[in-house]
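Participant: Just passing along the structure, written as structure tokens.
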Amino acid sequence: MTAVRGAAIAAAEVDLGVDLCGLALPNPVMTASGCAAAGRELDQFFDVAALGAIVTKSIMLNPRSGRPTPRMVETPSGMLNSIGLQGPGIDAFLARDLPWLVQRGARAVVSIAGEKPADYVELARRVGQAPGVAAIEVNISCPNVENRGMVFACDPESSYRVMEEVRPHIPRDIPVFAKLTPDVTDIASIAGAVAEAGADGVTVINTLLGLAMDPDTLKPRLGGVTGGLSGPAVRPVAVRAVWQIRKALPDLPIIGVGGIRTGFDALEFVLAGADAVQVGTVIFHDPSAPMRIVGELRDELAQRGIKTLDEVRGTAHD
């Protein structure tokens with residue numbers, strides 16, 4: 001389809017609703033995993049139930065303290081983080097955080113992460129049985145952990161293996177998205193592997209592996225040495241990844257994430273083929289950003305006379 005710019009319309013005429021693998025969202029904007037815990041802190045800035053979805057920080061089986069400090073470093077147009085999947089573990093999450101999200105009326109997308117496929121299977125089984133879960137994001141691509149062997153998404157075969165083992169333990173009415181790393185030669189082949197293994201869609205991209213030096217010590221600035229690069233600096237990479245996957249797999253649902261800070265940034269991902277988007281790093285200095293971006297995205301469409309996202313999704317491929 002070709003998007004033709006029409007006369008401006010009122011913002012109220014724009015419908016931002018999205019059907020994501022059968023999951024009805026009022027708008028396509030979600031939080032990105034790891035940038036807002038389980039959403040509780042953001043609720044003082046906006047109604048978390050008004051956002052498309054809240055994506056939780058990746059949950060692991062057991063409590064985890066994470067990597068040594070310092071854990072975060074500012075970079076040009078971005079940030080390096082080396083948190084290391086710190087978290088309370090699945091028991092605490094299911095007892096405290098998920099019930100709160102359900103009580104608030106938010107659509108909860110639960111991110112899970114493990115050290116081996118068996119961990120993912122157990123997490124998938126427990127999360128899949130929990131009430132109120134809207135979707136599950138399988139994080140097979142975290143770059144800020146000490147064991148790089150945990151980054152299953154660097155290889156099509158290991159990506160396939162994790163998803164193949166995980167999917168049967170999650171009810172079919174709960175969509176499953178595999179979160180992929182950009183640190184690969186051909187991200188579309190990884191997306192194809194997880195889709196073949198049963199993933200309903202993919203989330204792209206996770207952070208890029210990076211390193212920064214301290215000008216005083218002349219040593220790495222992060223306690224864990226390397227970390228994940230996020231923020232506006234990575235957005236062109238993320239948009240490219242979405243575009244490549246949409247071109248190779250035109251029917252695969254895609255959630256785009258990486259450096260979104262304005263409504264037009266979000267629109268870029270939609271033009272490349274994303275069905276929904278996630279907002280992350282900008283939250284650290286503007287906690288109200290997710291809902292602000294919803295409004296700005298609506299305005300971007302209204303100014304162009306576009307009433308729905310379907311009218312422009314993937315038009316960069318025309």
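Participant: Using a simple charge model, +1 on the beta-carbon of Lys and Arg, -1 on the beta-carbon of Asp and Glu, nothing else, what dipole does the chain show about its Cα centre, in debye to the nearest 20?
Facilitator: Details: 29 positive and 36 negative charges, 87 e Å.
In debye, rounded to 20, the chain gives about 420.
Participant: Next up: Restricting to Cα pairs below 8 Å that are 6+ residues apart, what does the relative contact order work out to for the stretch 84-234? Please round to a whole percent.
Facilitator: Details: 252 pairs, mean separation 30.2, N = 151.
Here the relative contact order equals 20 percent.
Participant: Name the long-range amide H neighbours of Lys307: under 5 Å, sequence gap of 5 or more, or other chain; modelled H, no Pro or chain starts.
Facilitator: none
Participant: Further question: Roll a 1.4 Å probe over the protein heavy atoms and report the accessible area of Met213 in Å², nearest 10.
Facilitator: 110
Participant: Using a 1.4 Å probe and ignoring any ligands, DNA or RNA, find the accessible area of Asp47 and quote it in Å² to the nearest 10.
Facilitator: Roughly 80 Å² of Asp47 is accessible to a 1.4 Å probe.
Participant: In debye to the nearest 20, how big a dipole does the stretch 146-217 give about its Cα centre with +1 on each Lys and Arg Cβ and -1 on each Asp and Glu Cβ?
Facilitator: Numbers: 5 positive and 12 negative charges, 53 e Å.
So the magnitude is around 260 debye.
Participant: How much of His317 can a 1.4 Å solvent probe reach, expressed as accessible area in Å² and rounded to 10?
Facilitator: Probe radius 1.4 Å; accessible area of His317 about 60 Å².
Participant: For the stretch 113-205, give the percent of accessible area contributed by carbon and sulfur heavy atoms, probe 1.4 Å, rounded to a whole number.
Facilitator: Details: 1520 of 3320 Å².
That share works out to 46 percent.
Participant: I'd like the distance separating the alpha-carbon centroids of the stretch 177-203 and the stretch 208-254, in whole Å.
Facilitator: The two parts, judged by their Cα centres, are 16 Å apart.
Participant: While we're on this one: To the nearest 500 deg cm²/dmol, what mean residue ellipticity at 222 nm is calculated for the chain from DSSP H runs of n ≥ 4 alone, each contributing -39,500 (n - 2.57), summed and divided by the residues? Walk me through the intermediate numbers first.
Facilitator: Numbers: 7 runs with 80 residues, N = 318.
Computed ellipticity for the chain at 222 nm equals -7500 deg cm²/dmol.
Participant: For the charge dipole of the stretch 1-117, defined by +1 on Lys and Arg C-beta atoms and -1 on Asp and Glu C-beta atoms about the Cα centroid, which residue among Gly84, Leu25, Val55 has the Cα displaced farthest towards the positive pole?
Facilitator: Looking along the dipole axis, the top candidate is Gly84.
Participant: Residue farthest toward the positive end of the dipole of the chain, with Cβ of Lys/Arg at +1 and Asp/Glu at -1: which of Gly34, Leu271, Val234?
Facilitator: My answer, from the dipole projection, is Gly34.
Participant: Continuing with this model, one more query. What spacing in nm lies between the two simple spin-label points modelled at Asp91 and Met213, each 7 Å away from Cα in the Cβ direction?
Facilitator: 4.6
Participant: Taking Cα extents along the principal axes in Å straight from the coordinates, which label in [x] 54, 50, 41; [y] 83, 40, 34; [z] 48, 42, 41 is the correct one?
Facilitator: Label [x] holds the value from this structure.
Participant: Does the stretch 188-318 come out rounded, prolate or oblate by the C-alpha gyration tensor, with a ≥ b ≥ c the root eigenvalues, rounded set by a/c under 1.5 and, if not, prolate when a/b is larger than b/c and oblate if not?
Facilitator: Oblate, because a/c is 1.5 or more while a/b does not exceed b/c.
Participant: About its Cα centre, what dipole magnitude does the stretch 58-165 give when the only charges are +1 on Lys and Arg Cβ and -1 on Asp and Glu Cβ, stated in debye to the nearest 20? Don't skip to the answer; put the middle values down first.
Facilitator: On the way: 11 positive and 12 negative charges, 74 e Å.
Roughly 360 debye, rounded to the nearest 20.
The values are calculated or read from the model by the stated rules, or taken from the named source; none is laboratory data. This one's a predicted model, so the numbers in the text were calculated from it and none came from an experiment. Backbone-built Cβ (ideal geometry, glycine too); neighbour counts: all protein chains shown. Ligands, DNA and RNA are stripped out before the accessible areas are found, and what is left, the full protein with its side chains, is counted by its heavy atoms. Shrake-Rupley method; radii C 1.70, N 1.55, O 1.52, S 1.80 Å.
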